[in-house]
Amino acid sequence: MAGNGFTVIGVKGYGSSIVEAALEWAGLRYAIEQVDPKDLGPGSPRFAGINPLGQVPTLLLPDGTAMTESAAIILHLADIAPEAGLAPPTDDPARQAFLRWLVFLVASIYPTFTYGDDPSRFVSSEEAQRELRRATNNQRKDLWQFVEANIAPSPWLLGPGFSALDIYVTAMNHWRPGRSWFATNCPKLHGIATAALELPKLKPVWERNGFTG
Ligand SMILES: N[C@@H](CCC(=O)N[C@@H](CS)C(=O)NCC(=O)O)C(=O)O
């Protein structure tokens, strides 16, 4: 869906795909502004005055305000379009599990990419960089296995209702350690992503972000 409502500043296959999928699911009008991955990072001129961390997703609201942090964006979109079910309402028994896993995904799992994607930003020696990459990759696997052990999808993470958590899981299934690792080690999470990839409404989002199978 194109339009002059929201603008997602994003990179194909990155975290901006989560916000694109949420906007699409909620039926909200949006456009996409693709940036080069080389333009990401703290202090990036491309994000001057918009997002000092130079990260995607960055969302421009219809009034021009820039919003960052995927979880905050998701909660905002859920407020604007409550009927879409991106988040269970406050009186829904699934609400606390939704909040728990949403925060876990962005506060525990997402940072393993922040520190592991380009370790040279944090440590100088090549050996330390290799070690940081290895440690964050291992930590991420442990965290996903913790999620796997504590969910009972039927068919979605929270039960019968599709939510933004299923969007995160689908996008993140395509990031390190990758789909085949999930298939072997986290079959419940892999099953959620496999089912979400088939949702007709979201297929265009998955396809343009390279999330196929
Ligand atoms: N906490 C942020 C994390 C966003 C994030 O780390 N995005 C990555 C791409 S998937 C990024 O822009 N990385 C570049 C950088 O951190 O310099 C969120 O949930 O939106």
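With each label modelled as a point 7 angstrom along the Cα→C-beta vector, the Arg100-Glu131 pair spans 3.5 nm. Only beta bridges with both residues in the chain are counted; by DSSP, about 60 percent of them are antiparallel. The residues of segment 6-84 expose on average 43 square angstrom of accessible surface per residue, using a 1.4 Å probe on protein heavy atoms.
Can you give the extra length, in nm with one decimal, that the chain gains between Phe146 and Ser120 once fully stretched, where that is 0.36 nm per residue apart less the Cα-Cα distance?
On the way: separation 26, 0.36 × 26 = 9.36 nm, distance 2.84 nm.
Using 0.36 nm per residue and subtracting the Cα-Cα distance, I get 6.5 nm.
Surface exposure of segment 95-201, expressed per residue as accessible area with a 1.4 Å probe, stands at 47 Å². For the chain, a simple Cβ point-charge model (Lys and Arg +1, Asp and Glu -1, everything else neutral) yields a dipole of about 460 debye relative to the Cα centre. Surface composition of segment 95-201: carbon and sulfur make up 55 percent of the accessible area, probe 1.4 Å. With the convex hull drawn over the C-alpha atoms of the chain, the volume per residue is 117 Å³. With a Cα cut-off of under 24 Å and a minimum spacing of 8 residues unless on different chains, the lysine pairs in the chain number 7. Built from the Cα atoms of segment 6-84, the convex hull projects on average onto 4.7 nm², one quarter of its surface area.
The values are calculated or read from the model by the stated rules, or taken from the named source; none is laboratory data. Source: prediction; values computed, not measured. Don't worry about glycine lacking a Cβ; one is built from the backbone with ideal geometry, like all the others, and counts go over all protein chains shown. We work out accessible area using only protein heavy atoms, side chains counted, and drop any ligands, DNA or RNA first. Shrake-Rupley method; radii C 1.70, N 1.55, O 1.52, S 1.80 Å.
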